[in-house]
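The values are calculated or read from the model by the stated rules, or taken from the named source; none is laboratory data. Given the structure is predicted, the values throughout are model-derived calculations rather than measurements. Cβ coordinates were reconstructed from backbone atoms using ideal geometry, including for glycine residues, and neighbour counts include every protein chain displayed. Side chains are part of the model used for accessible areas, which takes the heavy atoms of the whole protein and leaves out ligands, DNA and RNA. Shrake-Rupley method; radii C 1.70, N 1.55, O 1.52, S 1.80 Å.
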Amino acid sequence: MKFQLLAAAAALLVGFAGAAEAHGPTRQKTTQSIEINAAPDKVWTVIGNFQDMSWLPPVEKTEGSGGNDKDATRTLTLKGGATVKEQLTKYDADTKTYAYRITEVDVKVLPVTNYSSHISVKGEGDKSTVTWQGAFYRGFPNNDPPPELSDEAAIKAVNELYQAGLASVKEKVEKGS
């Protein structure tokens, strides 16, 4: 009996060790910020409407419903025709912040799954900082992802998207367009 208990315990430990080695993807996080020479209210006017993402370069059209209310939705049509569906999870105009999640995207368009994001504007006088944070899993849910769906590819794609968007907001606000 004692031998059987020891054998069972050893088998259990081996099973846990194997499970630890084959854990799958981990949640990735990224944060990008940009300083803008404009008052926070002016910056918020450009990015504060969940139903308008015209400031993001790849976006050709935004359609949605629910305004800036929690659970509002939007569909972004990208240049080239791909779409991304998103849902607003938090909105606070007083603190100039909102959060949303992607509900549907082809990993060939953005190599991520379970994506959530948070955008905020802070500052004083004629100086603002826009911060865009994201958390997500890579586009391939299992071990040994192909390079285009790896953690590195997901982080690179999101960072490039954030950098392009933030640069666009800066240019739009500072030029007054």
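Taking the criterion of being among the basic types (Lys, Arg), over 22 Å from GLN28 (Cβ atoms) and either in contact with a Lys or Arg (Cβ under 6 Å, 6 or more places away or on another chain) or crowded, with 18+ Cβ neighbours inside 10 Å (or both), would at least one residue in segment 88-104 satisfy it? Checking segment 88-104: at least one residue is among the basic types (Lys, Arg), over 22 Å from GLN28 (Cβ atoms) and either in contact with a Lys or Arg (Cβ under 6 Å, 6 or more places away or on another chain) or crowded, with 18+ Cβ neighbours inside 10 Å (or both). Residues that are open to solvent by 70 Å² or more (accessible area, probe 1.4 Å) and under 19 Å from THR97 (Cα atoms) within segment 128-150 comprise just one, GLN133. Of all residues in segment 110-122, those being of a type outside the set (A, V, I, L, M) and under 19 Å from TYR91 (Cβ atoms) number 6. If you take the residues in segment 112-126 that are among the small types (Gly, Ala, Ser) and more than 16 Å from the chain's Cα centre (by Cα), which one is nearest to GLN32 (Cα to Cα)? Checking each candidate, the answer is GLY123. For segment 47-71, the set of residues classified as closer than 16 Å to ILE119 by Cα and among the small types (Gly, Ala, Ser) consists of GLY48, SER54, listed by residue number. Of all residues in segment 138-159, none that is part of a helix (DSSP H, G or I) has its Cβ atom under 7 Å from the Cβ atom of a residue that is open to solvent by 80 Å² or more (accessible area, probe 1.4 Å) and among the small types (Gly, Ala, Ser), 6 or more apart or on another chain. Scan segment 62-88 for residues that are under 12 Å from ASP106 (Cβ atoms) and among the basic types (Lys, Arg) and the total you get is 1.
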